[in-house]
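*Asks:* Submitted below is the structure of interest, expressed as structure tokens.
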Amino acid sequence: MQKLQAALQRIDGKGYKAYRDIEGEYAFDAFTLVVDHVQADPYAAPSRLRVILPYDVADLPGDCVTGERARAARDYLARCFRRAVRDERAMAIDAGAQTVLDRTAVLFTDTGVEVRFTLGLPARGRTILGRQAAALLCRRLPEAVEALRPGQRDD
């Protein structure tokens, strides 16, 4: 996390293309953040990111990560994440509506629960607002990931 904070502080006030410096993986206490794609400019489609939460941290019942229950569990976790970021207009996840459909917003992989979401990185015109980005990624995102952990979910 400190590596990400340092990168965002370093590019604060630079041109928007400097956001590309944050592409890659960042280890947080309970999860890994992967910045897959950074939007080309503030008016382009939002950046694509993933959070990988190890199974031992997610503490899901074993029968819900395989078979028939997996779709419902993935849908439920996507809705938990969406509910946790609902006040952040910049952060979004495809959690669907009333129907439970097979989506790729949350996946169960070999390494853990993978949550895919988008983020509109903050800028003033085409100038990076690195401090606001650090607040979103290093403070707000860990709070949202907490909604996926036991005791925080509506199990």
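Just so you know, all these numbers are worked out from the coordinates, no wet-lab data involved. Remember, predicted model here, so these are calculated numbers, not experimental data. With ideal geometry, Cβ positions are generated from the backbone for all residues, glycine too; neighbour counts draw on all protein chains shown.
*Asks:* HN-Hα J couplings of the range 82-99 from phi, Karplus 6.51/-1.76/1.60, θ = phi - 60°, integer Hz, Gly and Pro as x?
*Replies:* Ordered by residue, 3J(HN,Hα) equals 4, 4, 6, 10, 4, 7, 9, 5, 6, 9, 8, 9, 7, 9, x, 10, 6, 7 Hz.
*Asks:* Please report, for the Cα atoms of the chain, the Rg to one decimal and the Dmax as a whole number; what are they, in angstrom?
*Replies:* Here Rg and the maximum Cα pair distance are 15.7, 49 Å.
*Asks:* How would you rank 8-15, 39-46, highest first, on the average number of other Cβ atoms within 10 Å across their residues? Display every interim value, and only then the final one.
*Replies:* Values: 8-15: 15.8, 39-46: 13.8.
In descending order of packing, they fall as 8-15, 39-46.
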